[in-house]
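First comes the structure, then the notes that go with it.
The values are calculated or read from the model by the stated rules, or taken from the named source; none is laboratory data. It should be emphasised that the depicted structure is a prediction, and the values quoted were computed from it without experimental measurement. Every residue, glycine among them, receives a Cβ derived from its backbone with ideal geometry; neighbour counts consider all protein chains shown.
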Amino acid sequence: MKLLAIIEDTIRESIAKKTMIGFFAISNVILLIMLLIALFSDFDINVKLQGMEQFSNGASPLETLVRTMEVMIANLLYMAAIFLSIFATASIMPNTLEKGAIDLLLSKPVSRSTILAGKLIGGTLIVFFNVAYYIIGMWLIISFRTGYWDSGFLLTIFPITFAFVVLYVFLLFIGVTTRSSALGIILTYGFLIILAPLLAKREVFLYAISSSETYRGFVDVLYYLLPKPDDISSLMNNVILHSEINWMPVWSSAAFAGVLYGLTQYIFNRKDF
Amino acid sequence: MPVIIASSLSKTYSPKSRHAVRALDNVSLQVQAGEIFGLLGPNGSGKTTFIKLLLGIAFPTSGSGTVLGEPLGSTDVKARIGYLPENHRYPPYLNGEQILRFFGKLTGLESRLLDRRIDEVLKQVGMEQWRKVKFRKYSKGMMQRIGLAQALLNQPEVIFLDEPTDGVDPLGRKEIRELIKHLRDRGTTVFINSHLLSEVEMISDRVAILHKGKLIREGTVESLTKDGDQWEITAHGDVHSVQMDLEARSIHFHVEKERITIIVPDLQEANHVSDLLRSRGLLIESMQQKKHSLEDFFIKVIQDEDR
């Protein structure tokens, strides 16, 4: 009940912030536009796709078209959802730790681990619902319009939410150690925009800097230690395309999040307020 | 029976840094069940840190203590405690009732009991009509009242109030004082941190003074404010008829028109002087043991410590 109360409060706090409402509103606008296109476009998609078999590598042209559309939509959403969600949730922990707020929480019979878990689960749930709402809405529109029903696109809810959770744990860590939401946003965006893509394509970019084995070893260690949002995005595409999935980015990112969460908890348990 | 025991509690913030701050220095005190205990001290004297250590919000560098028989920071004992922090910050997106519901759930109150307690405490602090208004729209006094309601929700055995009347108007302050006395009468132990010494004097059974993290005085309000054994007599009438006698006995007095105020060193002398006044036809208005106000006493001891 205490954990639920903190989760509920975290969700309320997120809703009270305009960013999450903005995210939800943008989702609705895009869904509405897609719905209007689906309702009022009067071409027969099967007729349009006749003769396109040579471009679809053995799959039906409709299947290829739908999956390509879904990959594009999922990738757009992946970046937009993660960027907006980080912005919306970065202040959750610093706000909780503000003088006058944390004193009240800690004066109640609630453990510090429950408080941290409530913040993690609450922030994750609000992002999960937003992403699920958009993906399910988009999936229904595309499937109704094309007549091609494939659950692969629905499963992208999980990699998107997972990528957010890993970064959210990092935000919690920064929040607990520095109580700064601005620093959390800067570091997370910096990682997402600069470091993560460079590490994902390290053979192309980073290996070119030096041929030293030590340097390349260091780059590899960084790659395996840190979360892999770019690789999770590729995994998401493979889920939609029903291609083979490499799970390494998932378990290594989960390990990073797990260790960092444990460290955050350790620091939080010993911190004076 | 003591419900709060602090044994040599010390707290140093950032102990390994150049900017280490010794907020509390070897503080030992006990608070008995059912009393109103006032902790006084200038800003930065360690009052809030002391409460934070008792509640497990901060951890002592050394020393130990118990609250309601449980070691400091025990999670379970917090269900029996109420706390109104200074500069409390409630979620601004919630209304008064939602705030109470949230903190009631955290305290572990069962749903039906919580509904009843919310009604009761809102009534107690005079906030019934504002229960559906968002917290961000509250005045400072209303925020303080909701904070107080939150601290009372679980019918605590011990309640910690850090500047409870901060920002509250005089009428509201009186109501809060009455509420605190009512809590004491019901057996609740009340621990108050306050700058408003006159208020603490009015309601506290015992007080302690912290200065630069050290406990420098502790006792009942009466024992601390008593000015030795001196007595003060006020009378009016033909004041000139007694002036010569008083001067002859080296007794201090002050005359203002028809009224004389006399300070005597002890009760026996007070009786002699009152006999003299009556024999000269003066009417005695009052005769009482001379006291400092708590504020006078507080300022004096702080100045003495700083010398």
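Go through (1) more than 10 Å from every other protein chain (Cβ to nearest Cβ); (2) out of contact with any helix residue (DSSP H, G or I) (no Cβ under 9 Å at 6 or more places or on another chain); (3) surrounded by 15 or more Cβ atoms within 10 Å (Cβ to Cβ) and name the single condition B:Ser139 misses.
(3)
Quick check on my filter: what residues within region B:3-30 are farther than 14 Å from B:Phe50 by Cα and buried (at least 16 other Cβ atoms within 10 Å of the Cβ)?
B:Val3
Considering only region B:219-307, give the helices (runs of 4 or more DSSP H) lying wholly within it that have at least 1 residues that are under 30 Å from B:Ser28 (Cα atoms). I'd like the intermediate steps shown before the answer.
Details: elements: B:221-225, B:240-248, B:267-279, B:294-306.
The helices (runs of 4 or more DSSP H) meeting that bar are B:221-225, B:294-306.
With the condition kept exactly as written, say whether any residue in region A:80-98 is modelled with pLDDT of 90 or more, assigned to a loop (DSSP other than H, G, I, E, B) and within 7 Å of chain B (Cβ to nearest Cβ).
yes
The conditions are (1) within 26 Å of B:His182 (Cα to Cα); (2) at pLDDT 95 or above; (3) of a type in the set (A, V, I, L, M, F, W, C), and B:Ala58 fails exactly one of them. Which is it?
(1)
Taking the conditions exactly as written (crowded, with 21+ Cβ neighbours inside 10 Å, more than 20 Å from the chain's Cα centre (by Cα) and among the hydrophobic types (A, V, I, L, M, F, W, C)), does B:Val121 satisfy them or not? Before the answer, list the steps.
On the way: crowded, with 21+ Cβ neighbours inside 10 Å: yes; more than 20 Å from the chain's Cα centre (by Cα): yes; among the hydrophobic types (A, V, I, L, M, F, W, C): yes.
So B:Val121 passes the test.
Quick check on A:Lys119: is it within 18 Å of the chain's Cα centre (by Cα) and within 14 Å of another protein chain (Cβ to nearest Cβ)?
When the stated conditions are applied, A:Lys119 passes them.
Closer than 18 Å to B:Asp162 by Cα and of a type in the set (Lys, Arg): is that true of B:Lys16 in this structure?
No: the conditions fail for B:Lys16.
So which residues in region B:45-85 are hydroxyl-bearing (Ser, Thr, Tyr), assigned to a strand (DSSP E or B) and more than 9 Å from chain A (Cβ to nearest Cβ)?
B:Ser62, B:Ser64, B:Thr66
Please determine whether any residue of region B:183-194 is in the same structural domain as B:Thr107 (by TED's automatic domain parsing), buried (at least 17 other Cβ atoms within 10 Å of the Cβ) and among the basic types (Lys, Arg).
Yes: one or more hits.
Going through region B:91-127 one residue at a time, which ones are more than 9 Å from chain A (Cβ to nearest Cβ) and of a type in the set (A, V, I, L, M, F, W, C)?
B:Ile99, B:Leu100, B:Leu109, B:Leu113, B:Leu114, B:Ile118, B:Val121, B:Leu122, B:Val125, B:Met127
Just to be sure before I move on: is A:Phe268 among the aromatic types (Phe, Trp, Tyr), crowded, with 16+ Cβ neighbours inside 10 Å, under 26 Å from A:Thr10 (Cβ atoms) and touching a Ser or Thr at 6+ places or on another chain (Cβ under 6 Å) in the structure I sent?
Details: among the aromatic types (Phe, Trp, Tyr): yes; crowded, with 16+ Cβ neighbours inside 10 Å: yes; under 26 Å from A:Thr10 (Cβ atoms): yes; touching a Ser or Thr at 6+ places or on another chain (Cβ under 6 Å): no.
When the stated conditions are applied, A:Phe268 does not pass them.
If you scan region B:207-266, which residues turn out to be of a type in the set (S, T, N, Q) and at negative phi?
B:Thr220, B:Ser223, B:Thr225, B:Gln230, B:Thr234, B:Ser241, B:Gln243, B:Thr261
Determine, yes or no, whether B:Leu9 is more than 8 Å from chain A (Cβ to nearest Cβ) and over 30 Å from A:Lys2 (Cα atoms).
Against the criterion (more than 8 Å from chain A (Cβ to nearest Cβ) and over 30 Å from A:Lys2 (Cα atoms)), B:Leu9 qualifies.
Can you confirm whether B:Gly41 is surrounded by 19 or more Cβ atoms within 10 Å (Cβ to Cβ) and within 18 Å of B:Arg217 (Cβ to Cβ)?
yes
Out of B:Gly104, B:Gly141, report the one residue that is farther than 22 Å from B:Phe50 by Cβ, part of a helix (DSSP H, G or I) and at pLDDT 95 or above.
Exactly one residue qualifies, and that residue is B:Gly104.
Out of the residues in region A:122-143 that are surrounded by fewer than 20 Cβ atoms within 10 Å (Cβ to Cβ) and within 22 Å of A:Ala16 (Cα to Cα), state the one that is nearest to the chain's Cα centre (by Cα).
Checked region A:122-143; the qualifying residue nearest to the chain's Cα centre (by Cα) is A:Phe128.
Do we have B:Pro164 as crowded, with 16+ Cβ neighbours inside 10 Å, more than 14 Å from every other protein chain (Cβ to nearest Cβ) and assigned to a loop (DSSP other than H, G, I, E, B) here?
yes
Among the residues of region B:12-41, what is the count of those that are out of contact with any strand residue (DSSP E or B) (no Cβ under 7 Å at 6 or more places or on another chain) and more than 14 Å from chain A (Cβ to nearest Cβ)?
2
Of the residues A:Thr19, A:Thr64, which single one is modelled with pLDDT under 85, over 20 Å from A:Gly175 (Cβ atoms) and of a type in the set (Val, Ile, Thr)? Write out each step before concluding.
Details: A:Thr19 fails: over 20 Å from A:Gly175 (Cβ atoms).
Answer to the check: A:Thr64.
Is it the case, given these coordinates, that A:Ala254 is closer than 30 Å to A:Leu77 by Cα, modelled with pLDDT of 95 or more and away from chain B (no Cβ under 14 Å)?
yes
Can you name every residue in region A:1-23 that is under 17 Å from A:Ala132 (Cα atoms) and either crowded, with 17+ Cβ neighbours inside 10 Å or small (Gly, Ala, Ser) (or both)?
Across region A:1-23, the qualifying residues are A:Ile11, A:Ser14, A:Met20, A:Gly22, A:Phe23.
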